[in-house]
Amino acid sequence: MKLYEEPPAVISSDAHPAHKLKLQVTTDGPPFRCDGCKEPGGGKERRYSCDAGCDFDLHTTCALASPTLKHPLFGGDVEFELLPSAPPPVDATYCDACGDRARGLVYHCFDRDLDLHPCCAALRMESVVHGGHLLKLCGEAELRCVVCGEKQGRRQSSSSSKRFWAYRWCYDGVTGYLHVACMKKIAVMSWEQDYKDGVGGGVVEASVTIMEGMLRRRSPTGNAGSGSGVELGIRGLENITKIVEVVSAVSSS
């Protein structure tokens, strides 16, 4: 008995009705930009590509997205509808998970005027990683992010009071947070470096150097320069990179 169903090998999509889309299991190409949500993806990620040779690619998450969605972080009475493009005003539509612009395929709640990138909507709520540490997706960071040093998160949204999603983890009894937006930025940097170096490393391997440099300047409790915080940040590096691995796996599964 299979524990997980494999995605279909070939699909049809309204986003590219002229041709079938074929599942690309492995690639060695550069990072790509999904033609659905317009968000980046890793060069080694599984994706759906035009079977006729058109330059058209979709994250598996976007290609197989359900037409409606309810998310635990917004409660059971909030329903999102999948739209082919951001609702007007397009220039003012931002993902309420990461804070980045929603430029293409997006989940939108008309009642609450909320928006989610499909890949953000698909993030796992909880995951247990190496050592039995629990990672939990939260609606906001209660402490400063170990990467950007802010609670609200670095975002493109003009809303100064808006806070965005973060993963919380506990290491040696101390809690730390990592914004989804910061995680995405690290993933993109790692994909680009991986392709340039041709070393074959994944998101975690390629992001270790980047994250270590950031963590040396930030402590999980938000006190930059704190000796104990720096030590904790370095010791917790493995667990933070595991968070990145978990999130990256969503778009490649």
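The values are calculated or read from the model by the stated rules, or taken from the named source; none is laboratory data. The structure presented is a predicted model; accordingly, all values stated were derived computationally and were not measured. Here the Cβ is made from the backbone with ideal geometry for all residues, glycine too, and neighbour counts use every protein chain on show.
Annotations for the structure displayed:
- Checked against the criterion of being surrounded by fewer than 17 Cβ atoms within 10 Å (Cβ to Cβ) and not aromatic (Phe, Trp, Tyr), the candidates 8, 40 yield just one match: 8.
- Residue list for region 77-124, filter: among the basic types (Lys, Arg) and over 26 Å from residue 148 (Cα atoms): 112
- Filtering region 73-91 to residues that are surrounded by 11 or more Cβ atoms within 10 Å (Cβ to Cβ) and under 20 Å from residue 180 (Cβ atoms) leaves 73, 74, 78, 80, 82, 86.
- Where residue 18 falls short, out of the listed (1) surrounded by 18 or more Cβ atoms within 10 Å (Cβ to Cβ); (2) aliphatic (A, V, I, L, M); (3) not in a strand (DSSP E or B): (1)
- Hits in region 115-137 - residues which are surrounded by 17 or more Cβ atoms within 10 Å (Cβ to Cβ), in contact with a helix residue (DSSP H, G or I) (Cβ under 8 Å, 6 or more places away or on another chain), outside any helix (DSSP H, G or I) and modelled with pLDDT of 85 or more: 122, 123, 137
- Within region 21-37, if we keep just the residues that are modelled with pLDDT of 90 or more and in a loop (DSSP other than H, G, I, E, B), the residue that is surrounded by the fewest Cβ atoms within 10 Å (Cβ to Cβ) turns out to be 35.
Results for (1) of a type in the set (Phe, Trp, Tyr); (2) closer than 20 Å to residue 187 by Cβ, shown as yes or no for each residue.
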| residue | (1), (2) |
| --- | --- |
| 30 | no, yes |
| 45 | no, yes |
| 48 | yes, yes |
| 54 | no, no |
| 61 | no, yes |
| 72 | no, no |
| 84 | no, no |
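- Residue 49 being surrounded by 18 or more Cβ atoms within 10 Å (Cβ to Cβ) and assigned to a strand (DSSP E or B): yes
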